[in-house]
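See below for the structure under consideration.
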Amino acid sequence: MKIAILGTRGIPNNYGGFEQFAEYLSVGLVEKGHEVTVYNPHFHRCPEDMFHGVAVRYIYNPELWMGASAHFIYDFLCLKDALKEGFDVILECGYHSNAPSYYLMRGRIKPLLVTNMDGLEWMRSKWNRPTRWLIRQLEKLAVNKSHLLVSDNQGIQNYYKNIFNKESAFIPYGAEPVLNFDKSHLQPFSLEEQAYYLLIARLEPENNIETILDGYLISKQTDIPFIVIGNIENKYGNYLKMKYTDTSIRFVGSIYDKHALDSLRYYASIYFHGHSVGGTNPSLLEAMASQAFIIAHDNEFNGSVCGENAYYFTSKEDVSTLILANRDGDGRERKKMIQQNLRTVYQDYSWNHIVESYENLFLNGLESNRVTE
């Protein structure tokens, strides 16, 4: 197959999320014998002409001077270009700024247009009411114009079935089990093994940052420091820093070294995951793959990933209770949950499995189109 991957900031991955997904998926499909092109903004250059066998195509993106609204233009230009290149399959990552460009398809069945719908973007609390309305219209457009939809979580799959009566393929995000860790990554933060709590997230309200941190303070277990990793150079980040001044909560900013993050997760006493509106969140899978002990926000998305192998909270009181219960908890139960999460990553979330699932989806979709013709 000749496949194009659109809707990301391009490869090699410098951001995580869809960019990491595009990198793993494109390389994996090339290794299976397919011809793959990833579309990059013109300012995100690949050091080589090819990236591990993946072609990189550069399209002008005015983001550097227009800001976020430029993505609508960039995504339009990407799809316009891709429709000229004779691809069998076009995979769009997300729908937020991609959907308006789908009118370029004009009812054609070739190429096969597949959209990974990501999370429920319109539910994010950072958006005002008009923006939420707009995002829901874009979601509806993507659902109606795509040939195939992908949901990365069973909760997302249920949503599209219940709200739009639309079937979608359940293919989650991927992760690689981590087996090697380095205690030296604790030294820059003066941390000791199993003697700190950890949260890694975008600092946004829907990620329940305050619920977690308030619960930590209520527990009065503040002799154990709480480390928060995430970009603090924004309005909400500054608010959090001010709110938790003079506490043992430490905001250390962003860290992009995956080996350092894996080690910090592994050696933490508890890893907190507060995401509530996404699908299968990459950071949750990475925590499972890093053998972290997880306490997560209680919602359908997180529950469908961890099942009985995490503890769940809905309030700051829950967080406090769980901290107290697990400070000197049953080591055997903790170890069992960690091992089962790692086993789940091997069985259900390995990148090899994800790549194979996308390959089968594309092949079956193309075969259905041939039958339709």
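The values are calculated or read from the model by the stated rules, or taken from the named source; none is laboratory data. Because the structure is a prediction, the values reported are computed rather than measured. Every residue, glycine among them, receives a Cβ derived from its backbone with ideal geometry; neighbour counts consider all protein chains shown. Heads up: the accessible areas ignore ligands, DNA and RNA and are worked out on the full protein's heavy atoms, side chains in. Shrake-Rupley method; radii C 1.70, N 1.55, O 1.52, S 1.80 Å.
The set of residues in region 304-320 that are touching a residue at least 60 places away in the same chain (Cβ under 8 Å) and in a helix (DSSP H, G or I) comprises Ser304, Val305, Lys316, Glu317, Asp318, Val319, Ser320. Figure legend. Inter-residue proximity from region 194-211: first residues closer than 14 Å to Lys243 by Cα, second residues assigned to a helix (DSSP H, G or I) and among the hydrophobic types (A, V, I, L, M, F, W, C), beta-carbon distance below 8 Å, spacing 6+ or different chains. Indicated pairs: Leu203/Ile209; Leu203/Leu240; Ile209/Leu240; Glu210/Leu240; Thr211/Val319. Name the pairs whose Cβ atoms lie under 9 Å apart, with the first residue in region 165-179 and of a type in the set (Lys, Arg), the second open to solvent by 30 Å² or more (accessible area, probe 1.4 Å), and 6 or more positions between them or separate chains? Pairs that qualify, where the first residue is of a type in the set (Lys, Arg) and the partner is open to solvent by 30 Å² or more (accessible area, probe 1.4 Å), are Lys166/Asn144. Taking region 235-253 as the range and being touching an Asp or Glu at 6+ places or on another chain (Cβ under 9 Å) and not aromatic (Phe, Trp, Tyr) as the test, the residues that pass are Leu240, Lys243, Ser248, Gly253. Strands (runs of 3 or more DSSP E) fully within region 1-85 that include at least 3 residues being modelled with pLDDT under 90: none found. Can you name the residue in region 229-267 that is among the charged types (D, E, K, R) and modelled with pLDDT under 95 and, of all such residues, is most open to solvent (accessible area, probe 1.4 Å)? Per the stated criteria, the residue is Lys235.
Can you work out which of the residues in region 187-207 that are in a loop (DSSP other than H, G, I, E, B) and more than 18 Å from Ile255 (Cα to Cα) is most open to solvent (accessible area, probe 1.4 Å)? I'd like the intermediate steps shown before the answer.
Of region 187-207, the ones in a loop (DSSP other than H, G, I, E, B) are 190-196, 201-204.
Now narrow it down to the ones that are more than 18 Å from Ile255 (Cα to Cα): 192-195.
Numbers: Glu192: 133, Glu193: 90, Gln194: 80, Ala195: 33 Å².
The qualifying residue most open to solvent (accessible area, probe 1.4 Å) is Glu192.
Checking the condition over 26 Å from Trp351 (Cα atoms), in contact with a strand residue (DSSP E or B) (Cβ under 7 Å, 6 or more places away or on another chain) and polar (S, T, N, Q), which residue from Asn40, Asn61 passes? Outline the logic, then answer.
Numbers: Asn40 fails: over 26 Å from Trp351 (Cα atoms).
Testing whether each residue is over 26 Å from Trp351 (Cα atoms), in contact with a strand residue (DSSP E or B) (Cβ under 7 Å, 6 or more places away or on another chain) and polar (S, T, N, Q) leaves just Asn61.
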